[in-house]
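Please read the structure below before turning to the comments.
Here, each number is a calculation from the coordinates, and none is a lab measurement. On a predicted model such as this, the values are computed, not experimentally measured, just so you know.
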Amino acid sequence: MRPNPPPFIILVACCASSLFHSGSVNATPLASSLPDLAQTFVDMPSDRIPLLEEAWRKDLVALYRDGKEAKLQNRLKGFSHLKTLTPDYIFLQVTAGSTLELQLLSLADTAAVLCMITTVSAPVLDSRIEFFTPDWTPLSLTSFFTLPNISSFLLSDELPPNLECLDMPLIHYQLNPDALTLIASLTTPFYLDDNQRKIVSPYIVPSKTYIWDGCRFK
C-alpha cells in the first residue's frame, strides 16, 4: 500500500495548487467542513497548556457556549478566562500575566493550519508564535512566517549609535481574526528607562502588520 504523505506536505501542496490554478491568493473564511477549533483546544497537548487539564478546557468551552463567564481556577490557584471563542479563533487569558491565542487559517479552502501565539508579561509583553496541523503536529515556522528582528522596525537601514540599547528583541504578536492579519509590536523600548526610550522612539516604527495571503503571513 502506498504510504500517505506527511500532513505538512498535504497543506503545502493544497496551497501551491490554489496559487497555480487561480493565479492569485485570496484568504477566505474557513469552510464548515474544517476542524472545530473548540475541540482542537480541548484536545491540546498538556505540555502546551500545563495549567489547564483537558476536562477544565472542556468546561471552559461549555461555560462560554452557555453564555456564562468562562472562568475557572487553574493549577497555580489563579484563574484562566476564556474570553473569545469562534469557529476559528480563541483568546484565553491563561493567568494575570499570560495569554494564549489560537486561530485556524485556511489553505486553499481545503485544509487548515493552526497558528498559536503565547504571550507573557515580565513585565514587558513578549510573544512566541508557532504553527501546527489541527491535530497538533508541529509545522515549520518559516513555512508560514518570517520572524522580524530589531532592524525590521527601524526607519532606516542602519542602526544609529544611540540605538545600541536596543539589543534585546522583545516582540508582542496579536492576531486579528476578522482581517486575517498578524500585528507585531516592538516592545523592547518599554524595557528601557524613560531617557533611553525618548532617544530611540524617533528611529523606530512601533508595529508592523502582516496579512495572511492563503499560504503565509506577509
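How many percent of Cα pairs in the range 26-211 exceed 21 Å? Intermediate values should be presented prior to the final figure.
Working: 9490 of 17205 pairs.
Cα-Cα pairs in the range 26-211 separated by more than 21 Å: 55 percent.
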If each part is reduced to its alpha-carbon centroid, the range 148-213 and the range 47-64 end up apart, in Å, by 33
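Sort largest first and round to whole Å: the equivalent ellipsoid semi-axes of the range 103-157, each the square root of five times a Cα gyration tensor eigenvalue. Don't jump to the answer; show the numbers that get you there.
Working: eigenvalues 134, 53, 16 Å².
With the √(5λ) rule applied to the range 103-157, the semi-axes are 26, 16, 9 Å.
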